[in-house]
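Report on one structure; see the data block that follows.
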Amino acid sequence: MDILRETGSEEAMSLRAVAQRVGVSVPSIYLHFADKQALLAAVCEEVFEQLHVALKEADADAPNPWEALRAQGIAYVRFALANPEHYRIVMMAGPSRDDPADDIGSGAFGHLLESVVGSIGIGVLEGDPIELGLKLWAAAHGLAALLISKPTMPWPPLEDLIDNTLCFAALGLAAATRIDPTMPADELVARLNTLR
């Protein structure tokens, strides 16, 4: 993980480089990892765990599950930006888990689901928790991936962009079961204006 952080390059993380960093011979590394992909998979697991910790810390003082979701979304994007190469490997180019249930059952996503279920419980969200959680994850991931891959775009101030984008996604999900998106535009505008 340190090699990735220091170099910003997956290519720099060879088994030889790792062996040199920890002060062992290259054959010793093979006692623990069959190949570079196995090593990357281990790094991915560690990144998932660190993300889980970041999400738990972010929402520790949230007064309710809805506010917890907001804190988790912001923490998610901040984590990605603080660890861009790790995030890229894990979420954009890394080894894929064979079973989607492994991702859904992971600590980070499981923690998100708890807040989704809680938000359903207090009446803010409606629907299937896993579907809602995946949509919220897609919004946070999309923003994180764009910020990492397109850092020179003329983005609005970063903190506002992160908070506003994630809030709009979550509010959109909250409104989705209450507003018919197929209604004519003038009716939709009238309905939205009642929210002012």
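FYI, it's all coordinate maths here, none of it is from the lab. What you see is a predicted model, and the numbers here were worked out from it, not measured in a lab. Here the Cβ positions follow ideal geometry from the backbone for every residue, glycine too, while neighbour counts run over all protein chains shown.
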Estimated inter-spin distance, L158 and A34, nm [label 7 Å along Cα→Cβ]: 3.9 nm
Estimated distance in nm for a label pair at A42 and V22, the labels positioned 7 Å out from Cα along Cα-to-Cβ: 0.4 nm
Ratio Rg/Rh [Cα only; Rh per Kirkwood] for region 37-184: 0.98
Residue-wise HN-Hα coupling along region 41-46, computed from phi with Karplus coefficients 6.51, -1.76, 1.60 (Hz; x: Gly, Pro): 4, 5, 4, 4, 4, 5
Region 60-84-region 149-164 distance, computed between alpha-carbon centres (Å): 16 Å
Cβ-derived FRET efficiency at R0 25 Å, T182 paired with D128, nearest 0.05: 0.75
